[in-house]
1. Is it true that some residue in the range B:150-158 is within 11 Å of chain A (Cβ to nearest Cβ), among the aromatic types (Phe, Trp, Tyr) and touching a His at 6+ places or on another chain (Cβ under 8 Å)?
2. With more than 22 Å from A:Gln86 (Cβ to Cβ) and in contact with a strand residue (DSSP E or B) (Cβ under 6 Å, 6 or more places away or on another chain) as the only criterion, which of B:Asp138, B:Asp62 stands out?
3. Restricting attention to helices (runs of 4 or more DSSP H) lying wholly within the range A:121-205, give those where 1 or more residues are among the polar types (S, T, N, Q) and within 30 Å of B:Ala174 (Cβ to Cβ).
4. Considering only residues that are within 14 Å of A:Ser190 (Cα to Cα) and more than 14 Å from chain B (Cβ to nearest Cβ), look in the range A:38-58 and name the one that is nearest to the chain's Cα centre (by Cα).
5. State whether one or more residues within the range A:71-78 are part of a helix (DSSP H, G or I), over 21 Å from B:Arg191 (Cα atoms) and of a type outside the set (A, V, I, L, M).
6. Condition check: among the acidic types (Asp, Glu), within 19 Å of the chain's Cα centre (by Cα) and over 18 Å from A:Pro33 (Cβ atoms). Does B:Asp49 satisfy that?
7. Scan the range A:1-42 for residues that are of a type outside the set (A, V, I, L, M), modelled with pLDDT of 95 or more and not in a helix (DSSP H, G or I) and jot them down.
8. Taking B:Arg160 as the residue in question, decide whether it is surrounded by fewer than 16 Cβ atoms within 10 Å (Cβ to Cβ) and either under 21 Å from B:Gly9 (Cβ atoms) or in contact with a helix residue (DSSP H, G or I) (Cβ under 8 Å, 6 or more places away or on another chain) (or both).
Amino acid sequence: MAGHDHEGSHLDDMTARVMAIETVLTEKGLVDPGALDLIVETYENRVGPRNGARVVGRAWSDRDFADWLGRDATAAIASMGFAGRQGEHMTAVFNAPGRHNMVVCTLCSCYPWSVLGLPPSWYKSAPYRARAVMEPRAVLAEFGVTLPEGTEIRVWDSTAEQRYLVIPERPAGSDGLSEAALADLVTRDSMIGTGLARAPSEGGR
Amino acid sequence: MNGPHDLGGRDGHGPVAPRADEPLFHAPWEARALALTLAAGALGQWSLDRSRAAREDRDPVDYLTSGYYGIWIKALERLLLDHGLVGADELAAGRAADGPRPDVGPAPGPREMAAALARGTSAARDPGGRRPRFVPGDRVLTRNHQPRGHTRLPAYARGRIGTVEAVRGHHLFADRSAAGEDVADWLYTVRFDGHMLWGTRAEPGTSVSIDAWEAYLDDA
């Protein structure tokens, strides 16, 4: 909660504590070390924000898919192979001129793992959870995002098992790009609502 | 519970500090903490809501200074002890003193775990003919709901008038799921104008929605 500043001092203690749990559970046959490795490998290498970027890239290039995403995000996203844990009930929220969406979990750290992977530290931190609901514009400014005056900001506090994916606005100058090239403009933060998609002139990821 | 986790609208926590190129885990033990929490959860002895309750029901100082995965590990220890899966002596020694509780396990292997992660766990339950009380556009008043146990109605959204934006489904009800019951209720997205929540400190043109079970709501 207090963030990485405090984590170093706990490190040795926590290493021993976690190892004790793992050893006891393994000796009792209650966890399989191979399954533990599989979990880590899944979220280090396979499930991350490039999944969500591909969903956004398709939504930008395929009107029918975007409509499906708006009606039934869980099914539309699953059709691309991105289903599973912490993505069981998905809603896509679309940014538009004059409307910006931003996602938070004030009570813990709910986040759409199936499309974005594990959340970054700031998303789980007390400052973001405390302030995103009360002063989203001030928070956006700390991310370097300034929206046009008069833009409505809708904050989505993930208080149940519904998970939210922001579909950022398609950047100007991206006409004619392939779905894959469009996906390269989509940042993780743009799908949380604390960033915008990159312009093609800013280059890919 | 009115715990330290209920952070929406709290002052004094400082700026958000996004870091570029942050590693997924800050130390190897964090990766193991994630994996152990998911793997122990896969034994089916407690719900996700029960594990959230174990993370948040603690001393505020401890909650705010333990670090994210530190809280996960402390909660996991408590869950394992409360369910009789390990003994305190075993955790202290870092060695198992005897076998598993006879009715638990065996542990899922890598293939079963991969399938479980890919499948997820749906919160949807058959409403059995029970109809949602509210429809999109309805004005609703959130209850002043302050149970000692787990709840997902944040303090900032209690006793407030909002508008139903969507009916999400008939979902497992977190408050009772944390207590070990598999009971569902209609779930809605309810939107509040910023001024309703924050008074004169609200930024213009902002609104906040929560996902709220019907048990949290009354007619406005």
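1. Step one: filter the range B:150-158 for residues within 11 Å of chain A (Cβ to nearest Cβ), giving B:150-157.
In the following step, the residues that additionally are among the aromatic types (Phe, Trp, Tyr) were identified as B:156.
With the extra rule that they be touching a His at 6+ places or on another chain (Cβ under 8 Å), the set shrinks to none.
Scanning the range B:150-158, I find no residue that is within 11 Å of chain A (Cβ to nearest Cβ), among the aromatic types (Phe, Trp, Tyr) and touching a His at 6+ places or on another chain (Cβ under 8 Å), so the answer is no.
2. On the way: B:Asp62 fails: in contact with a strand residue (DSSP E or B) (Cβ under 6 Å, 6 or more places away or on another chain).
Answer to the selection: B:Asp138.
3. Numbers: elements: A:121-124, A:126-131, A:136-142, A:179-183, A:188-192.
Result: A:121-124, A:188-192.
4. Selected residue: A:Gly52.
5. To start, the set of residues in the range A:71-78 that are part of a helix (DSSP H, G or I) comprises A:71, A:73-78.
In the following step, the residues that additionally are over 21 Å from B:Arg191 (Cα atoms) were identified as A:74-78.
Within this subset, residues satisfying the condition of being of a type outside the set (A, V, I, L, M) are A:74.
Yes: the range A:71-78 contains one or more residues that are part of a helix (DSSP H, G or I), over 21 Å from B:Arg191 (Cα atoms) and of a type outside the set (A, V, I, L, M).
6. Working: among the acidic types (Asp, Glu): yes; within 19 Å of the chain's Cα centre (by Cα): yes; over 18 Å from A:Pro33 (Cβ atoms): yes.
When the stated conditions are applied, B:Asp49 passes them.
7. Taking the range A:1-42 as the starting set, the residues that turn out to be of a type outside the set (A, V, I, L, M) are A:3-10, A:12-13, A:15, A:17, A:22-23, A:26-29, A:32-34, A:37, A:41-42.
Next, from what is left, pick out any that are modelled with pLDDT of 95 or more: A:15, A:17, A:22-23, A:26-29, A:32-34, A:37, A:41-42.
Once the filter is applied, which keeps residues that are of a type outside the set (A, V, I, L, M), modelled with pLDDT of 95 or more and not in a helix (DSSP H, G or I), the range A:1-42 yields A:Lys28, A:Gly29, A:Asp32.
8. Numbers: surrounded by fewer than 16 Cβ atoms within 10 Å (Cβ to Cβ): no; either under 21 Å from B:Gly9 (Cβ atoms) or in contact with a helix residue (DSSP H, G or I) (Cβ under 8 Å, 6 or more places away or on another chain) (or both): yes.
It is false that B:Arg160 is surrounded by fewer than 16 Cβ atoms within 10 Å (Cβ to Cβ) and either under 21 Å from B:Gly9 (Cβ atoms) or in contact with a helix residue (DSSP H, G or I) (Cβ under 8 Å, 6 or more places away or on another chain) (or both).
The values are calculated or read from the model by the stated rules, or taken from the named source; none is laboratory data. Everything quoted here is computed from the prediction, not taken from an experiment. As a convention, Cβ positions derive from the backbone with ideal geometry for all residues, glycine included, and neighbour counts pool all protein chains shown.
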